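For reference, the structure is listed below as structure tokens.
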Amino acid sequence: MTLHRAQVRDDNDVLEGVVRYSPLRSLWLTTMLCGALVGGAMTASPAAITLFVVTTSLVLLLGHSLGSHRKLIHNSFACPRWLEYLLVWFGVQVGLAGPLGLLRQHELRDFAQRRPHCHPYLRHGAGMLTDAWWQLHCDLVLTNAPSIRIETAIAGDRFYRFLERTWMLQQLPVALLFWAWGGWAFVFWGVCARVAACVIGHWLIGYFAHNHGPMNFEVSNAAVQGHNIRFASLITMGECWHNNHHAFPGSARLGLLPGEWDPGWWTLCLLRRAGLAWNLAVPEHLQPKGTSA
Ligand SMILES: [Zn+2]
Ligand SMILES: [Zn+2]
């Protein structure tokens, strides 16, 4: 698969722009956070907290890591279409964006970070507090936004278009199910706290993965390098090996060296053994992207 779906006219296209407050994004996260902090505190119980831990782990592993990132965005393994849909639906449950919106954001960021310069929004380079405000409550509006061409198999897919239109509403059936099962406690913990933790956690890992931590590889002439965050290997399902990911974006395996735990890769190996995943791309089959070890 091609590395980039983005195209620019000149290098300044990923540099010049303004960060604008995004009312919908901000309201979405604030609502979830209030539900988590106020509702969650009032209804905390061992069962509700267990539901939070289990559902958060599931959507991060099956959804964000496998469905959205390793499959939809990087197409780093093959699987049956029904399983791809299921994994991407789990990815939507993370509460970050619709599948097409997420793909666009990732594509722009990945592309911009490899250019010699890019806007600090795209490289998490404005300091931690500013970055939190920008990434969680604002959007970047580039003066000349690059065109991002998503292949028809994804952009024209009716299921993905449906998820794109309804990604916030996709929490509703889950919330109803949890309400019927365990009342408001299950809604506050299983939906609000899960979405708030996933969205804030995603930003936090993104911030550190572009600012601090060891590196195995260096991408030459790039605006920013990826860094590995060792302590986060299990809670990020292996997504914390971001330095390796910058070097081999097409690899289904993110933890590459001994001791680099990668639950997403372990799960893919289990799926392969069950005959549900194949053609798992690994660095040995891929060209590193402009790197030196
Ligand atoms: Zn990156
Ligand atoms: Zn990626």
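Loop-located trypsin sites (Lys or Arg not before Pro) in region 131-162 (DSSP state not H, G, I, E or B) with no more than 13 neighbouring Cβ atoms inside 10 Å: R149.
Directionally averaged projected area (region 126-193, Cα convex hull): 7.5 nm².
The distance linking region 74-133 with region 185-244 is 12 Å (Cα centroid to Cα centroid, whole angstrom). Each of T143, S68, H106 was placed along the dipole of the chain (beta-carbon charges, centred on the mean Cα), and the one lying farthest toward the positive end is S68.
In the chain, the DSSP-assigned H stretches of four residues or longer account for a calculated mean residue ellipticity at 222 nm of -13000 deg cm²/dmol, using -39500 (n - 2.57) per stretch and the full residue count as denominator. The trypsin sites (Lys or Arg not before Pro) of region 1-109 meeting both criteria, a DSSP state outside H, G, I, E and B (loop) and at most 14 other C-beta atoms within 10 angstrom of the site's C-beta, are R9. Averaging the Cα positions of each part gives two centres, and for region 19-38 and region 146-183 these lie 19 Å apart. Between A155 and I49, what is the label-to-label distance in nm when each label sits 7 Å out along the Cα-to-Cβ direction? For the pair A155/I49, the computed spacing is 4.7 nm. Backbone amide hydrogens, once placed in the peptide plane, bring G17 within less than 5 Å of T143, excluding anything fewer than 5 places away on its chain. Computed over the alpha-carbon atoms, the chain gives an Rg to Rh ratio of 0.95, Rh here being the Kirkwood radius from the mean inverse distance.
Ordered from longest to shortest, the equivalent ellipsoid semi-axes for region 75-173 are 27, 17, 12 Å, each the square root of 5 times a Cα gyration tensor eigenvalue. Classify region 149-286 from the C-alpha gyration tensor, please: rounded if a/c falls under 1.5, else prolate or oblate depending on whether a/b exceeds b/c. Taking the square roots of the gyration eigenvalues as a ≥ b ≥ c, region 149-286 is prolate. Note on region 1-60: with charges restricted to the Cβ of Lys and Arg (+1) and Asp and Glu (-1), its dipole about the Cα centre is near 240 debye. Between the exposed loop cleavage positions of the chain, defined as GluC sites (Glu not before Pro) in a non-H, G, I, E, B DSSP state with at most 13 neighbouring beta-carbon atoms within 10 angstrom, the longest gap is 152-293. Taking all protein chains into account, the per residue accessible area for region 18-64 stands at 54 Å² (1.4 Å probe). Per-residue 3J(HN,Hα) values for region 86-101, derived from phi via the Karplus relation 6.51 cos²θ - 1.76 cosθ + 1.60 with θ = phi - 60°, read 5, 5, 5, 4, 4, x, 5, 5, 5, x, 8, 5, x, x, 6, x Hz in sequence order (x marks Gly and Pro). Across A47, A247, A153, mean-square fluctuation computed from a Gaussian network of the chain (C-alpha pairs under 10 Å connected) peaks at A153.
Using a ≥ b ≥ c from the Cα gyration tensor of region 207-293 (square roots of the eigenvalues), is it rounded, prolate or oblate, where a/c under 1.5 gives rounded and otherwise the larger of a/b and b/c decides, a/b for prolate?
Oblate.
When the expected Rg is taken as 2.2 N^0.38 Å, what fraction or multiple of it is the alpha-carbon Rg of region 10-115?
Against the compact-globule rule of thumb, the ratio is 1.33.
Taking 7 Å steps out from each Cα toward its Cβ at L177 and Q7 produces label points 4.1 nm apart. For the chain, relative contact order (Cα pairs under 8 Å, six or more residues apart, normalised by length) works out to 26 percent. In terms of its C-alpha gyration tensor, region 183-245 comes out prolate, because a/c is 1.5 or above and the ratio a/b outweighs b/c.
In order along region 108-121, phi translates into HN-Hα couplings of 5, 5, 4, 5, 5, 5, 8, 7, x, 9, 8, 4, x, 4 Hz, rounded to whole numbers, per the Karplus curve 6.51 cos²θ - 1.76 cosθ + 1.60 with θ = phi - 60° and x for Gly and Pro.
The values are calculated or read from the model by the stated rules, or taken from the named source; none is laboratory data. Bear in mind the structure is a predicted one, so any value in this text is a computation, not a measurement. Ideal geometry is used to build each Cβ from the backbone, glycine not excepted, and the neighbour counts take in all protein chains shown. Remember, those area values only see protein heavy atoms, side chains included, never the ligands or the DNA or RNA. Shrake-Rupley method; radii C 1.70, N 1.55, O 1.52, S 1.80 Å.
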